[in-house]
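Scroll down for the structure; my scribbles are underneath it.
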Amino acid sequence: MGDLATGLRYFARGQRWMVGHGRLYAFCLIPALIALVLYLAALVALAFHVGDFAAWATPFAADWSDGPRATLRVSLAILLFLFGLLLALITFTAVTLLIGDPFYEALSEKVDEEAGPVPDAPDLPLWRELWISLIDSARVLGRALLFTVPLFLLGFVPFIGQTVVPVLGFMVSGYFLTVELTSVAMRRRGADLHRRLAMLRARRGLAWGFGTPLAVCFVVPFVAVFLMPGAVAGATLLTREMFGENVTDERAPAGV
């Protein structure tokens, strides 16, 4: 429970850190806005075609009476759209970080500078950093799907699919959001994906406390855009916590 509370505190602290850095905040909204436009276009296309896909996937129901056939296909269409929405939630952060790598690197460095000393980052060309980020994101997505697909299937189970599954879905999304968001600060400390996953597995409560409320907020697309810079700032402070680095930001609001 202590780590859950600590993760939640860093979630709030990152957002409050951005309040005092308005110009940098506006600068870092650009990648999230670009990603939002791309995802909204994809979800709108999915909404228009998901009914056709549900009909294509259930040819055995073609001879059923209208009521049962419509019930089956509408239910499948809704579940497919929700799965697409969950997939968008899981991948939004990775895509936004990839689009905005220079933006968020500058933001994370600024947070580190104000919070206290940090080791020098590895000197890599931009194309190399983007390639590493892309490969790491694909590997994280693969791990996330190992949980997301079974949860999607469990969504068909009455009662459990409407109660337990959404909660587990937010927890899974929150955990992997934390994995993605800490990547910027972790790479600056020379931590590859394997080490990042090992550190977060050792402190799952911290990852859930930070990422789960963010996952809940990210369900609303426009909220995701406005919280993204603060999420990167909070993830940088959370990374300092995991590496045992003191935070000496005297400008942080009292009580944060």
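Here are some notes:
- Among helices (runs of 4 or more DSSP H) entirely within the stretch 4-119, having at least 2 residues that are basic (Lys, Arg) and open to solvent by less than 80 Å² (accessible area, probe 1.4 Å) singles out 66-99.
Here is a yes/no grid of residues against (1) closer than 21 Å to residue 9 by Cβ; (2) under 14 Å from the mean Cα position of the chain (by Cα):
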{"site": "141", "(1), (2)": "no, yes"}
{"site": "146", "(1), (2)": "no, no"}
{"site": "170", "(1), (2)": "yes, yes"}
{"site": "173", "(1), (2)": "yes, yes"}
{"site": "176", "(1), (2)": "yes, yes"}
{"site": "187", "(1), (2)": "no, no"}
{"site": "204", "(1), (2)": "yes, no"}
{"site": "219", "(1), (2)": "no, yes"}
{"site": "229", "(1), (2)": "yes, yes"}
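- A Cβ distance below 8 Å, combined with a sequence gap of six or more or placement on separate chains, defines the contacts here; from the stretch 71-99, residues that are more than 17 Å from residue 43 (Cα to Cα) reach residues that are open to solvent by less than 20 Å² (accessible area, probe 1.4 Å) and not in a helix (DSSP H, G or I) in the pairs 72/58; 73/58.
- Summed over the stretch 172-196, residues that are part of a helix (DSSP H, G or I) and surrounded by fewer than 18 Cβ atoms within 10 Å (Cβ to Cβ) total 2.
- Total residues in the stretch 120-133, condition touching a Leu at 6+ places or on another chain (Cβ under 6 Å) and either at pLDDT 85 or above or exposed (fewer than 14 other Cβ atoms within 10 Å of the Cβ) (or both): 0
- Residue count, the stretch 231-246 (criterion: in contact (Cβ under 8 Å) with a residue 60 or more places away in the chain, surrounded by fewer than 24 Cβ atoms within 10 Å (Cβ to Cβ) and over 16 Å from residue 192 (Cα atoms)): 3
- Residue within the stretch 218-227 that is modelled with pLDDT of 80 or more, in a helix (DSSP H, G or I), touching a Cys at 6+ places or on another chain (Cβ under 8 Å) and among the small types (Gly, Ala, Ser) present: yes
- For the stretch 211-230, the tally of residues that are open to solvent by 20 Å² or more (accessible area, probe 1.4 Å) and either in contact with a Phe, Trp or Tyr (Cβ under 9 Å, 6 or more places away or on another chain) or of a type outside the set (A, V, I, L, M) (or both) stands at 9.
- Residues of the stretch 137-160 that are open to solvent by less than 70 Å² (accessible area, probe 1.4 Å), part of a helix (DSSP H, G or I) and within 18 Å of residue 215 (Cβ to Cβ): 137, 140, 141, 144, 145, 148, 149, 150, 151, 152.
- Looking only at the stretch 152-166, and only at residues there that are over 22 Å from the mean Cα position of the chain (by Cα) and β-branched (Val, Ile, Thr), the one that is nearest to residue 79 (Cα to Cα): 157
The values are calculated or read from the model by the stated rules, or taken from the named source; none is laboratory data. Source: prediction; values computed, not measured. Using ideal geometry, Cβ is built from the backbone for each residue, glycine included, and neighbour counts are taken over all protein chains shown. Side chains are part of the model used for accessible areas, which takes the heavy atoms of the whole protein and leaves out ligands, DNA and RNA. Shrake-Rupley method; radii C 1.70, N 1.55, O 1.52, S 1.80 Å.
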